[in-house]
Amino acid sequence: MKITWIEHSSFLLELPERVLVLDYFGKTRLPLPANKPVTFLASHHHADHYDKAILEHGTDQIWYVLSRDIFGPQDEHHIKVKPHQHYELNGMIIETLKSNDEGVAFMIEVDGWRILHAGDLNDWHWEEENDQDRQENEVLKRRFDRELERIAGRTFDLAMIPTDPRLNDGYNRGLLGWAKACQLGWIAPMHTFGENDVIDRLLQDPACAELRSRILDLRKGPQVLEDPQR
């Protein structure tokens, strides 16, 4: 598989028989590899995860898997999904979790790969200035933990997980939570809002030492990942 980090939480995954585009947003249509079916997946409607411009690619060998909070068509090429569901599409198995923000997280089985795109399902621990802030953080944490309990012990060959620098010292809490609950192979940090030096911080963070060899630095361009069946 070749993985390209487009920006923020947007990725292009190119497999031998297909292409997946996750949480794309931008100002122009995304150039796509020729002669392969393409599936766009969008975890929710926020402008940093979804751009309706993807729909301009049409439906000629193109499918759209969109969280149900995204306004638009619904037919055999535009599939609306909700949390805690199982879908089969073009040889793929797609499962969804419920985000503790908006929309869903995606778990995808395709061509021997087990892939996680967390969307906005994360341990959002914001700075606390009062009791209300503390209570809101506790609610977000409970919702995050509840979703991880549903899939405890699962294995993902590739996991795309928020490491949001706006969370300051809590930027890695979600990643560490996922790593504790599940077996993670390659890890692609995301949701960085352009502050991509957060990857350097991850690679130097003692709390992430056991994960360091699996953290991808996609700032340098696309990388080809080893087939998990080999």
Check HIS78: other-chain or 5+ apart residues with amide H under 5 Å from its amide H, H built from backbone geometry? TYR64
Angle between the chain longest axis and helix 131-150 axis [Cα atoms, degrees, rounded to 10]: 50 degrees
For LYS52, go through the lysines and keep the ones whose alpha-carbon is under 17 Å away, minus same-chain ones fewer than eight residues off. LYS27, LYS80
Value at 222 nm in deg cm²/dmol, rounded to 500, when DSSP H runs of n ≥ 4 in the chain each add -39,500 (n - 2.57): -5000 deg cm²/dmol
Can you list residues whose amide H is under 5 Å from ALA105's amide H, if they're 5+ apart or on another chain and H is modeled 1.01 Å from N? LEU97, LYS98, SER99
Cut-off 15 Å between beta-carbons: net charge of the residues surrounding LYS220, Lys and Arg +1, Asp and Glu -1: -2
Give the ranking of SER10, SER213 by solvent-accessible surface, highest area first, calculated with a 1.4 Å probe. SER213, SER10
With all protein chains modelled, accessible area of ARG18 [1.4 Å, Å²]: 30 Å²
On the formula 1/(1 + (r/R0)^6), with r taken between the Cβ atoms of GLU129 and LYS36 and R0 of 41 Å, the FRET efficiency rounded to 0.05 is 0.25
From most to least accessible, 1.4 Å probe, no ligand or DNA/RNA atoms counted, LYS52, LYS2 line up as LYS52, LYS2
Length-normalised contact order for the chain - Cα pairs under 8 Å, 6+ apart - percent: 16 percent
In what order, largest first, do GLU210, GLU149 sit by accessible area if the probe radius is 1.4 Å? GLU210, GLU149
Please get the size of the charge dipole for region 80-200, origin at its Cα centre, with Cβ charges of +1 on Lys and Arg and -1 on Asp and Glu, quoted in debye to the nearest 20. 640 debye
Can you tell me the FRET efficiency between ILE93 and ASP145 if r is taken as the Cβ-Cβ distance and R0 is 30 Å, rounded to the nearest 0.05? 0.75
For a quick check of understanding: with a 1.4 angstrom probe and all protein chains in place, what accessible area in square angstrom does GLU226 have, to the nearest ten? 120 Å²
Report the net charge of residues surrounding HIS44, where surrounding means a beta-carbon distance below 14 angstrom and charges are Lys +1, Arg +1, Asp -1, Glu -1. -2
List the aspartates and glutamates whose alpha-carbon lies under 20 Å from that of LYS82, not counting same-chain residues fewer than 8 positions away? ASP23, ASP48, ASP51, ASP69, GLU95, ASP101, GLU102, GLU109, ASP120, ASP145, GLU147, GLU149
Once the dipole of region 73-216 is set up from charges on Cβ (+1 Lys and Arg, -1 Asp and Glu), the residue from the list ALA188, GLY91, ALA118 lying farthest towards its positive end is GLY91
Contact order relative to length for region 1-136, counting C-alpha pairs under 8 Å separated by 6 or more residues, stands in percent at 15 percent
Label zone at GLU136, where the point sits 7 Å out along the Cα-to-Cβ direction: region 159-173 residues whose backbone N lies under 18 Å: 164-171
In bins 5 Å wide, starting from 0, what share of all Cα pairs of region 1-116 does each bin hold, as a percent? 2, 11, 25, 27, 23, 10, 1, 0
Roughly speaking, to the nearest percent, how much of the chain's 1.4 Å accessible area is carbon and sulfur? 45 percent
Can you tell me what share of the DSSP beta bridges in the chain is antiparallel? A percent to the nearest 5 is fine. 55 percent
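The values are calculated or read from the model by the stated rules, or taken from the named source; none is laboratory data. Here the structure is a predicted model, which means the values were calculated and not measured. Cβ: placed from backbone, ideal geometry, glycine included. Neighbour counts: every protein chain shown. Only protein heavy atoms, including side chains, enter the accessible area calculation; ligands, DNA and RNA are left aside. Shrake-Rupley method; radii C 1.70, N 1.55, O 1.52, S 1.80 Å.
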